[in-house]
1. Any residue at all in the range 95-107 that's buried (at least 18 other Cβ atoms within 10 Å of the Cβ), under 16 Å from the mean Cα position of the chain (by Cα) and modelled with pLDDT of 85 or more?
2. Considering every residue within the range 66-77, establish whether at least one is surrounded by 18 or more Cβ atoms within 10 Å (Cβ to Cβ), in contact (Cβ under 8 Å) with a residue 60 or more places away in the chain, of a type in the set (Val, Ile, Thr) and not in a strand (DSSP E or B).
3. Kindly list the number of the only condition in (1) of a type in the set (Gly, Ala, Ser); (2) closer than 21 Å to Ala20 by Cβ; (3) within 11 Å of the chain's Cα centre (by Cα) that fails for Ala74.
4. Exactly one of these conditions fails for Glu62: (1) out of contact with any Gly (no Cβ under 8 Å at 6 or more places or on another chain); (2) closer than 26 Å to Ala116 by Cα; (3) in a loop (DSSP other than H, G, I, E, B); (4) at pLDDT 90 or above. Give me its number.
5. Could you list all residues from the range 1-24 that are over 17 Å from Leu69 (Cα atoms) and at pLDDT below 90?
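The values are calculated or read from the model by the stated rules, or taken from the named source; none is laboratory data. Everything numeric in this text was worked out from a predicted model, so none of it was measured. Reconstructed Cβ throughout: ideal geometry from the backbone, glycine too, with neighbour counts over all protein chains shown.
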Amino acid sequence: MRPLPKVMTLTEAAAERIAALMGASGKEFAGLRVGVKNGGCAGMEYTMEYAQERGAQDELVEDKGVRILIDPRAVLFLLGTEMDYRADRMSSGFVFNNPNQTSACGCGESVALTPAAEASLKAARAGFDLSEQAS
């Protein structure tokens with residue numbers, strides 16, 4: 001039996017930064033909870049917080065040694081997202097490369113997201129690659 005595709009993936013940079021932040025906290029966490037909420041000028045904002053425990057409905061993603069807990073209300077908004085961490089001379093932060101993002105505000109703090117079709121989630125959980133089905 002092959003593993004199911006992940007709702008979300010991490011780049012090496014994101015995994016290293018999350019591991020460093022969680023390790024520096026000196027506390028034990030179940031993982032990093034990622035979600036979305038209404039807000040900002042574009043309509044939605046990504047959320048991240050340390051999770052003391054896994055919620056009954058949280059989607060668990062384990063990638064590159066890091067545990068991500070995805071808020072069940074955010075799964076369709078985050079399906080196919082790659083989380084990255086970038087640092088340059090002027091700024092640093094997590095970046096979400098999300099195929100469900102339709103636009104973003106000028107300040108970069110909020111985004112407009114369209115949820116993936118539920119069929120996409122079912123196909124991902126069944127282990128199908130949707131790009132192969134289109135051809």
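1. Among the residues of the range 95-107, at least one is buried (at least 18 other Cβ atoms within 10 Å of the Cβ), under 16 Å from the mean Cα position of the chain (by Cα) and modelled with pLDDT of 85 or more, which makes the answer yes.
2. So far as the range 66-77 goes, yes, one or more of its residues are surrounded by 18 or more Cβ atoms within 10 Å (Cβ to Cβ), in contact (Cβ under 8 Å) with a residue 60 or more places away in the chain, of a type in the set (Val, Ile, Thr) and not in a strand (DSSP E or B).
3. (2)
4. Glu62 satisfies all of (1) out of contact with any Gly (no Cβ under 8 Å at 6 or more places or on another chain); (2) closer than 26 Å to Ala116 by Cα; (3) in a loop (DSSP other than H, G, I, E, B); (4) at pLDDT 90 or above except (3).
5. If the condition is that a residue be over 17 Å from Leu69 (Cα atoms) and at pLDDT below 90, then Met1, Arg2, Pro3 are the ones that fit.
Every residue, every condition in (1) without any contact (Cβ under 8 Å) to a residue 40 or more places away in the chain; (2) of a type outside the set (S, T, N, Q); (3) within 20 Å of Ala116 (Cβ to Cβ); (4) surrounded by 13 or more Cβ atoms within 10 Å (Cβ to Cβ), yes or no:
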{"site": "Ala13", "(1), (2), (3), (4)": "no, yes, no, yes"}
{"site": "Ala24", "(1), (2), (3), (4)": "yes, yes, no, no"}
{"site": "Glu53", "(1), (2), (3), (4)": "yes, yes, no, no"}
{"site": "Ser91", "(1), (2), (3), (4)": "yes, no, no, no"}
